[in-house]
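The values are calculated or read from the model by the stated rules, or taken from the named source; none is laboratory data. Note that the coordinates shown come from a computational prediction; the quantities given were computed from them, not determined experimentally. FYI the Cβ positions are ideal-geometry reconstructions off the backbone, even for glycines, and counts take in every protein chain you see.
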Amino acid sequence: MKGLFAVRLCLLGMMILLFASCHKEDAPDVSPCERTLFMYMPWSGDSYALTSYFYTNISDMEDAIREVGLDDERVVVFLSTSSSEATMFEIICTDGNCQRVTLKEYTSPAFTTIEGLTSILNDVKSFAPAQSYAMTIGCHGMGWLPVHSLRSRSVDTFKPHWEYEHTLPTRYFGGTSSAYQTDISTLKESLEQAGMPMEYILFDDCYMSSIEVAYALRHVAEYLIACPTEIMAFGMPYAEIGRYLLGEPDYESICREFYEFYSTYQYPYATFGITDCSELDALASLMREINGQYVFDESQRRDLQPMDGYTPTIFYDYGDYVAHLCGDPALFNQFQAQLERTVPYKAHTGRYFSAAGGIKSIWTFSGITTSAPSISSQAADWIDTEWYQDTH
């Protein structure tokens with residue numbers, strides 16, 4: 001099903017990214033390596049406020065590379081610097097020194113279409129062919145919600161968190177303009193057309209640890225790494241987790257380092273979940289059985305764990321929702337065991353932050369959300385998601 005994502009980056013003459021002066025013909029050889037990590041940062045409009053964080057993310061990943069090196073692995077970055085300009089470059093590290101080698105300059109890249117995104121992915125395969133691939137998506141998030149749900153909204157009835165002023169900066173998946181928004185289904189189909197199933201996809205964005213998102217991407221990624229709530233503008237702490245993203249991924253350590261960073265961060269509000277996509281079909285089968293026996297009691301909605309600050313709530317804790325839905329203890333225990341296998345690594349601070357609602361309490365946490373019980377008009381398309389179709 002559709003979800004939306006895009007990046008908001010803007011130089012505005014304030015920052016200069018120093019790429020190595022290498023030309024495309026000077027790029028490293030294209031013999032296949034064991035794995036390629038692709039850091040993808042497309043454009044989504046006005047993102048001056050986050051610009052410095054994106055540059056920090058790249059520099060922090062370089063720190064991780066300097067620390068552990070690249071053992072038959074390559075790191076390629078796609079960074080939009082305006083709505084019509086982008087650069088693909090490779091991070092090369094020799095004797096502890098990192099360089100950014102330009103591979104290709106883009107003019108008006110079409111990353112919101114299947115054809116355009118597939119072309120970008122094919123460039124990665126061409127410049128850095130590998131036996132396996134992994135991907136980070138550095139931008140902003142609104143979970144599974146399709147582009148048209150925000151495009152058609154009335155500003156009088158719904159205000160997305162990126163429009164709130166005088167609040168702590170967070171990231172989110174989707175720009176202020178639909179021209180720079182990409183559906184999750186587009187990402188899925190582009191990965192399929194490029195023939196690039198991912199070892200993991202890390203969403204460095206808000207609200208992307210969603211059962212609807214994970215299920216839609218289950219055939220193009222082995223694992224999804226994401227946040228159920230908003231993530232602070234700093235994003236993923238690559239200097240801490242980068243060493244575990246490189247080489248054979250160490251998901252337990254990634255989760256631990258994320259928590260340890262944010263538990264002492266100046267804004268200690270964070271949630272995190274890692275989904276094993278191979279377990280999602282089994283979870284869907286159990287969910288279909290539960291939905292076949294029980295209907296959610298609307299009077300219990302107020303008792304559910306919300307994972308955003310919107311009114312009405314759009315994202316709820318998935319485990320808590322099923323706990324209120326399923327009346328068979330044995331069946332629910334079976335569900336809980338399967339959910340633990342599906343989201344084996346998760347962490348959260350005592351509270352989370354939402355631009356729309358401020359600081360919120362967490363009393364139960366499964367590491368992943370659902371919009372199943374939402375009555376928000378923004379979630380009206382939920383019944384069209386692949387997750388809904390396969391669990392009802």
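Contact map, the stretch 32-48: first residue of a type in the set (D, E, K, R), second residue modelled with pLDDT under 85, Cβ cut-off under 9 Å, separation 6 or more or different chains; pairs are ASP46/ARG8; ASP46/CYS10; ASP46/GLY175; ASP46/THR176; ASP46/SER177. Within the bounds of the stretch 373-382, is there any residue that is closer than 22 Å to SER263 by Cα and in a loop (DSSP other than H, G, I, E, B)? For the stretch 373-382, residues closer than 22 Å to SER263 by Cα and in a loop (DSSP other than H, G, I, E, B): absent. Screening GLU230 on (1) without any contact (Cβ under 8 Å) to a residue 12 or more places away in the chain; (2) buried (at least 22 other Cβ atoms within 10 Å of the Cβ) shows it passes everything except condition (1).
Quick test for you: out of MET287, MET236, pick the one residue that is in the same structural domain as GLY357 (by TED's automatic domain parsing) and buried (at least 18 other Cβ atoms within 10 Å of the Cβ). Write out each step before concluding.
On the way: MET236 fails: in the same structural domain as GLY357 (by TED's automatic domain parsing).
Being in the same structural domain as GLY357 (by TED's automatic domain parsing) and buried (at least 18 other Cβ atoms within 10 Å of the Cβ) holds for just one of MET287, MET236, which is MET287.
Just one of GLN338, GLN389 is out of contact with any Phe, Trp or Tyr (no Cβ under 9 Å at 6 or more places or on another chain), crowded, with 17+ Cβ neighbours inside 10 Å, of a type in the set (S, T, N, Q) and in a helix (DSSP H, G or I); which is it? Criteria check complete, one pass: GLN338. Considering the stretch 121-151, the residues that are in a helix (DSSP H, G or I) and within 21 Å of ALA379 (Cβ to Cβ) include one that is modelled with the highest pLDDT, namely VAL147.
Quick one: in the stretch 125-150, which of the residues that are over 17 Å from ALA179 (Cβ atoms) and aliphatic (A, V, I, L, M) is surrounded by the fewest Cβ atoms within 10 Å (Cβ to Cβ)?
Taking the stretch 125-150 first, the residues over 17 Å from ALA179 (Cβ atoms) are 125-138, 141, 143-144.
Now drop any that are not aliphatic (A, V, I, L, M), which leaves 128, 130, 134-135, 137.
On the way: ALA128: 24, ALA130: 21, ALA134: 24, MET135: 23, ILE137: 24.
Selected residue: ALA130.
Considering each residue of the stretch 83-101 in turn, at least one proves to be touching a residue at least 24 places away in the same chain (Cβ under 8 Å) and touching a Pro at 6+ places or on another chain (Cβ under 6 Å). Evaluating LEU187 against the criteria (1) over 17 Å from GLY141 (Cβ atoms); (2) out of contact with any strand residue (DSSP E or B) (no Cβ under 6 Å at 6 or more places or on another chain); (3) not charged (D, E, K, R) leaves one unmet condition, (1). Within this structure, ILE290 passes the test of being in a helix (DSSP H, G or I) and touching a Ser or Thr at 6+ places or on another chain (Cβ under 9 Å). The single condition from (1) within 19 Å of TYR133 (Cβ to Cβ); (2) of a type in the set (Ser, Thr, Tyr); (3) in contact (Cβ under 8 Å) with a residue 24 or more places away in the chain that TYR269 fails is (1). If only residues of the stretch 34-63 that are assigned to a strand (DSSP E or B) and buried (at least 18 other Cβ atoms within 10 Å of the Cβ) are counted, the one that is modelled with the lowest pLDDT is MET41.
The number of residues in the stretch 258-273 being outside any loop (DSSP other than H, G, I, E, B) and surrounded by 21 or more Cβ atoms within 10 Å (Cβ to Cβ) comes to 5.
Which numbered condition in (1) touching a residue at least 24 places away in the same chain (Cβ under 8 Å); (2) part of a helix (DSSP H, G or I); (3) over 30 Å from ASP250 (Cβ atoms) is the only one that PHE296 fails? Just one mismatch for PHE296, condition (2).
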